[in-house]
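In what follows, a single structure is set out as structure tokens and then discussed.
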Amino acid sequence: MRTAFVTLLAFAALSPLALGQNPSDGTFGPYLQSPTENGAVVCWRTATAGTSEVEYGTTQNYGQNVQQLASAQWHQVPVTGLAANTLYYYRAVTRANGQAIFSETGSFRTMPPRGAPLSFVHMAETHDDDEVTKFREEVAASGASFIVDASDQVDDGAVLNEWDHYFTIGEAIYRNTPVVNAVGNHSYVGTGLFKTGIFGNLNMFKQVNVNPGNEEWFTFRVGDVLFIYLNSTWYFDPFRLSTSQISWLKKTLADATDGNDDPVFKVAVFHTPPYSSGPWYRDYLEKIWAKNFFVKHLKAARTDLVLLGHDKFNEHSVVDGVHYVQVATGALSAKRIQAKNPGKVWLSAQTRGMTVVRVNGRRLDAQIVDNAGNVLHSFSIAK
Ligand SMILES: [Fe+2]
């Protein structure tokens, strides 16, 4: 009897109730958001409300700990005060009803400081997330500090279980590499006319993701690169996206080119490509808007690279000295190649792709790779 009790007690205290093994139970993570030189935000969701704790350190013994005692199901814990460009190990812990739930150990490298080399990867159309997991080894091998995901991450951004699936299936990637997600058309809602347009919202997107600013359009600087995220799904929110967002963009680009601590490279990230061989009807519905409202300003400020998604194939275009890259890391469809793209340099709908970008000093090298590590296409930008 006594033995059984001890065993039960030990089980309760030590058994790691792993998070997020079931892609539709509302529990997922941990995953990493908002990467900086000094930290990141560790996120996870539990079935039962409990504490939010992160154990972390430069060895797998952790040694440091940050905790929020307020009971919650959504856990978002900023880990701060870390050294730049340093590998940290961590695990998430939730305590509830006398039981502790531990995640598996994750790791991440804090962002490099000014002047240090930077690697990152660009994914898009990850909403076929089972395919994305095949890039796990390529992401690790790339040494990427973080992932730029140009959207769409899920089919229906308003549905919790869609995000559960995304973070559960992709857990081995997102537990060890921070992802910064752009808004796409599916971030609003999924199917059905009355679920879209003015009836849609980004509440769930903003609950799940921890982006700077208003979480739709924002910048962050890593090393010598300024990342400028934009929301290109203008038709769901035309007035705000064409006014507030554009005045913000103009100010952001002015600051980035005023000669005062300017970045070496400017990289814009948004979902819908302004230059693409994608569906002909987008020439009228989306590309003209993106050209008038985004490209005009990005070009004038000599933006170097624009990272995109949406069309479900891989394409590299160069227009007026700006490089545009769209990839299909998850969903792939050659049927979407319908339009003429005067900027087209390279196009492939044969295999799913991801961009690996390496920045060193005044040189940027980009490679579009498949999930076996084959280089499909590459280009460089020198300043
Ligand atoms: Fe899309």
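The values are calculated or read from the model by the stated rules, or taken from the named source; none is laboratory data. Small disclaimer: the values here were computed from a predicted structure and weren't measured. Ideal geometry is used to build each Cβ from the backbone, glycine not excepted, and the neighbour counts take in all protein chains shown.
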Point to revise | From SER317, SER348, residue being at pLDDT 95 or above and surrounded by 23 or more Cβ atoms within 10 Å (Cβ to Cβ) | key: SER317
Review point. Which residue, of ASP311, ASP304, is more than 16 Å from the ligand (Cβ to nearest atom) and either among the charged types (D, E, K, R) or free of Cβ contacts under 8 Å to residues at least 40 places away in the same chain (or both)?
Key: ASP304
Point to revise | Whichever residue in the stretch 141-170 is small (Gly, Ala, Ser) and crowded, with 21+ Cβ neighbours inside 10 Å and, among such residues, is farthest from TRP44 (Cα to Cα) | key: SER142
Practice item. Would you check if ARG240 is more than 15 Å from the ligand (Cβ to nearest atom) and modelled with pLDDT under 95? Key: yes
Review point. Only one of THR86, THR51 is closer than 22 Å to ARG114 by Cα and out of contact with any Gly (no Cβ under 7 Å at 6 or more places or on another chain); which?
Key: THR86
Check your understanding: What about ALA158, is it within 16 Å of the ligand (Cβ to nearest atom), of a type in the set (Gly, Ala, Ser) and either within 13 Å of the chain's Cα centre (by Cα) or not assigned by TED's automatic domain parsing to the domain that holds GLY29 (or both)?
Key -> yes
Point to revise | Wholly within the stretch 288-340, strands (runs of 3 or more DSSP E) carrying at least 2 residues that are β-branched (Val, Ile, Thr) | key: 314-319, 322-326
Practice item. Determine whether the stretch 269-278 contains at least one residue that is assigned to a strand (DSSP E or B), within 16 Å of the ligand (Cβ to nearest atom) and of a type in the set (Phe, Trp, Tyr). Key: no
Review point. Scanning for something out of contact with any helix residue (DSSP H, G or I) (no Cβ under 8 Å at 6 or more places or on another chain) and within 16 Å of the ligand (Cβ to nearest atom), does the stretch 202-223 turn up at least one residue?
Key: no
